[in-house]
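Asker: Here it is: the structure, laid out below.
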Amino acid sequence: MPVGTPRIKVLSTRSYGAEVIVHGEAFDDACDLALQLAETRGLTFVHPFDDPAVIAGQGTIAREIFSQAICSGIDAVICPVGGSGLISGVATYIKETDPSIEVVGVEAASIASLKAAIEQGGPVQLPAAHPRRRN
């Protein structure tokens, strides 16, 4: 995980028994190290958001949205966009279930990778964002 990963995420991941290595300023740095470790240790690398099984698993969130809906009509679902695995899974399930529901992706202005990718016509690499630390 990159250096800026929230402590709670690192601790929670460790609590599941995972070995967590904090490395690099950005996701790509940590991902490169994970790929190297997978190669040298003979491990299977599962991408955290760009993997069909991970995306399908994210779609279960949309299933929960439908099962928890108080009223039968859902007009729109707002979903955060990071690596796009979450919104891919959620949107796929929603559009298969009810194509009339609008799916809206949102992202922080300081790390607007989807906006930049749309403008560039493909994936882009942005500089690492450094969240403000609260004292």
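Asker: Quick check, is Asp28 at pLDDT below 90, surrounded by 12 or more Cβ atoms within 10 Å (Cβ to Cβ) and assigned to a helix (DSSP H, G or I)?
Answerer: So Asp28 fits the description; yes.
Asker: Considering only region 40-60, I want to know if a residue exists there that is small (Gly, Ala, Ser) and at pLDDT below 90.
Answerer: No, there is no match, as no residue in region 40-60 is small (Gly, Ala, Ser) and at pLDDT below 90.
Asker: What pairs come up if the first residue lies in region 17-29 and is of a type in the set (A, V, I, L, M), the second is loosely packed, with under 12 Cβ neighbours inside 10 Å and not in a loop (DSSP other than H, G, I, E, B), and their beta carbons are under 8 Å apart, counting only those six or more places apart or on different chains?
Answerer: Here the result reads Val20/Arg14, each pair linking region 17-29 to a residue that is loosely packed, with under 12 Cβ neighbours inside 10 Å and not in a loop (DSSP other than H, G, I, E, B).
Asker: What residue, of Thr60, Thr97, is of a type in the set (S, T, N, Q), under 27 Å from Glu19 (Cα atoms) and not assigned by TED's automatic domain parsing to the domain that holds Ile21?
Answerer: Thr60 is the lone residue from the list that is of a type in the set (S, T, N, Q), under 27 Å from Glu19 (Cα atoms) and not assigned by TED's automatic domain parsing to the domain that holds Ile21.
Asker: Can you pull out the residues in region 7-25 that are assigned to a helix (DSSP H, G or I), among the small types (Gly, Ala, Ser) and surrounded by 10 or more Cβ atoms within 10 Å (Cβ to Cβ)?
Answerer: Listed by number, the list holds a single entry, Ser12.
Asker: So, one more: Looking only at helices (runs of 4 or more DSSP H) that lie completely in region 34-122, which have at least 3 residues being small (Gly, Ala, Ser), surrounded by 15 or more Cβ atoms within 10 Å (Cβ to Cβ) and touching a residue at least 12 places away in the same chain (Cβ under 8 Å)?
Answerer: 85-97
The values are calculated or read from the model by the stated rules, or taken from the named source; none is laboratory data. Everything numeric in this text was worked out from a predicted model, so none of it was measured. Neighbour counts are summed over all protein chains in view; Cβ atoms, including those assigned to glycine, are modelled from backbone coordinates with ideal geometry.
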